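A quick write-up on the structure given underneath.
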Amino acid sequence: MPAEETGPAGRLAAARAVLDGIEGLEVFGRVVAIRGLLIEVAGPVAAMRLGGRLDIVVEERAGQDGVVPCEIIGFSGAHALAMPFGSLQGVRRGCPARVRAEGAGAIRPNRGWLGRVVDALGRPIDGLGPLPAGPLPYPLQADPPPAHARRRVGPPLDLGVRCINTFLTMCAGQRMGIFAGSGVGKSVLLSMLARYTAADVAVIGLVGERGREVQEFLQDDLGPAGLARSVVVVATSDEPALMRRNAAYVTLALAEHFRDQGAQVLCMIDSITRFAMAQRDVGLAAGEPPTAKGYTPTVFSELPRLLERAGPGTGAGSISGLFTVLVEGDDHNEPVADAVRGILDGHIVMERRIAETGRYPAINVLRSVSRTMPRSCDPAFLPVVRRARRVLSTYADMEELIRLGAYRAGSSAEVDEAVALMPDLEAFLGQGKEEATSLREGYQRLAAIVGGA
């Protein structure tokens, strides 16, 4: 026998080979109770942690692998409390609950994910085969970059929608909310922004979306050109609360990956309200007390942790965020809308009244604000924007009298001017979903209407 095989190094290598052949230790608990979507697991609770993952092993089901993935959302006495990422069909008292060694979730994205559609666990759902894995894991619930290390917002970002470009100019790294009721055109506006933005990459999260509308959004609204430079994360309204909540986390983790590669990322989530509803369901199941409209305290602590992940990074890349807020009953002061408006750097208000007149996007310019204005506006055209706002405000103040015929022409020069300019301004504010307008072109068209460039 060669000396090198009997020496200390040889014996160490042999021992290592034996150890490598030993199977890893698996830690199991047992299901002891199920209440709604809440599962209680008894066993080695010390080996479990908040946010960690469990796999409940059930009998084989048609087309499934017999495993229900869950997340630990809390503890009660000697039991861990978990919620499922899928259906609880087949789960019974006594089912083994295997503790995953890797703990909380993470994804490994790379540029090969562009043009793909994934679910809330980062798995492909577009039928185009497996996703390539990147070298680094990105945790789903990462902390925002430290405030003292972040760069300031960058130059104006061309979004291709002239109403937003001119009146609500957005900077690279800025975060804006789109506030609207249901059926007012939020999804179509998001698809326009994804297709026409000057950003390098778009990451789109459809949280709680109607299943019927997903293919329509991908094929008709976003289209092949928009999808080619986008990653779309989908969790439909019929999926469990954890999946809907996780979809928002996966969306931000993907955006952070592309930001760290130095890209300018446009991150869009539709909608933050459904994320808040999912977090409310998780909190109520864990035993949190309900507060305003049933929302639990963790909803209002998770919202800033999620939204603050968007914005300028510490390097060259940045995440520009556009987050829709579904205002219930068209109440723009309901708890989630109020909380989100205080976190973000501006808000875009879409109104049903405007949509009913047939003007899309149905944005109320006077109720919308970009907190980087007027610094983000081209100084040469700032007087034009201010003059256009005054015209819109004057017309809004007198609109009822004008429509009723109670206003007499010649009574006020300002009102007469507003009445004369409104048809052209309305045409300017409306835009077809197949039409794109650059920043410069938008300013020039507005100056041609109101003058004063």
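The values are calculated or read from the model by the stated rules, or taken from the named source; none is laboratory data. Predicted model only: the values in this text are computed from it and were never measured. Cβ placement follows ideal geometry from the backbone for every residue including glycine, while neighbour counts extend to all protein chains displayed. Each accessible area value is taken on the protein alone, full model and side chains, heavy atoms only, with ligands, DNA and RNA left out. Shrake-Rupley method; radii C 1.70, N 1.55, O 1.52, S 1.80 Å.
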(request) Only residues that are part of a helix (DSSP H, G or I) and more than 15 Å from the chain's Cα centre (by Cα): list them for segment 165-204, please. (result) N165, T166, F167, V188, M192, R195, Y196
(message) So, in segment 423-450, exactly how many residues are of a type outside the set (V, I, T), in a loop (DSSP other than H, G, I, E, B) and surrounded by 12 or more Cβ atoms within 10 Å (Cβ to Cβ)?
(response) 6
(request) Select from segment 4-33 the residues that are open to solvent by 50 Å² or more (accessible area, probe 1.4 Å) and under 15 Å from P69 (Cα atoms) and write down the one among them that is modelled with the lowest pLDDT. (result) F28
(request) Only residues that are open to solvent by less than 40 Å² (accessible area, probe 1.4 Å) and closer than 24 Å to R175 by Cβ: list them for segment 382-400, please. (result) L382, V385
(request) Could you pull out every one of the strands (runs of 3 or more DSSP E) wholly within segment 68-158 that has 1 or more residues that are closer than 30 Å to A436 by Cβ? (result) 116-118
(message) Taking the criterion of being under 22 Å from D270 (Cα atoms), part of a strand (DSSP E or B) and not β-branched (V, I, T), would at least one residue in segment 297-317 satisfy it?
(response) yes
(message) Could you check segment 258-271 and list, in sequence order, the residues that are open to solvent by less than 10 Å² (accessible area, probe 1.4 Å) and part of a helix (DSSP H, G or I)?
(response) F258
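Yes or no, residue by residue, for (1) assigned to a helix (DSSP H, G or I); (2) under 23 Å from the mean Cα position of the chain (by Cα); (3) within 24 Å of P144 (Cα to Cα); (4) of a type in the set (S, T, Y):
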| residue | (1), (2), (3), (4) |
| --- | --- |
| A337 | yes, yes, yes, no |
| H347 | no, yes, yes, no |
| A355 | yes, no, no, no |
| P361 | no, yes, no, no |
| F381 | yes, no, no, no |
| R386 | yes, no, no, no |
(request) Scan segment 219-235 residue by residue and report those that are open to solvent by less than 20 Å² (accessible area, probe 1.4 Å) and polar (S, T, N, Q). (result) S230
(request) For segment 299-314, name all the residues that are over 15 Å from Y249 (Cα atoms) and either in contact with a helix residue (DSSP H, G or I) (Cβ under 7 Å, 6 or more places away or on another chain) or among the acidic types (D, E) (or both). (result) F300, G313, T314
(message) Which residue is farthest from V188 (Cα to Cα), if the candidates are limited to segment 341-379 and must be among the charged types (D, E, K, R) and open to solvent by 60 Å² or more (accessible area, probe 1.4 Å)?
(response) R375
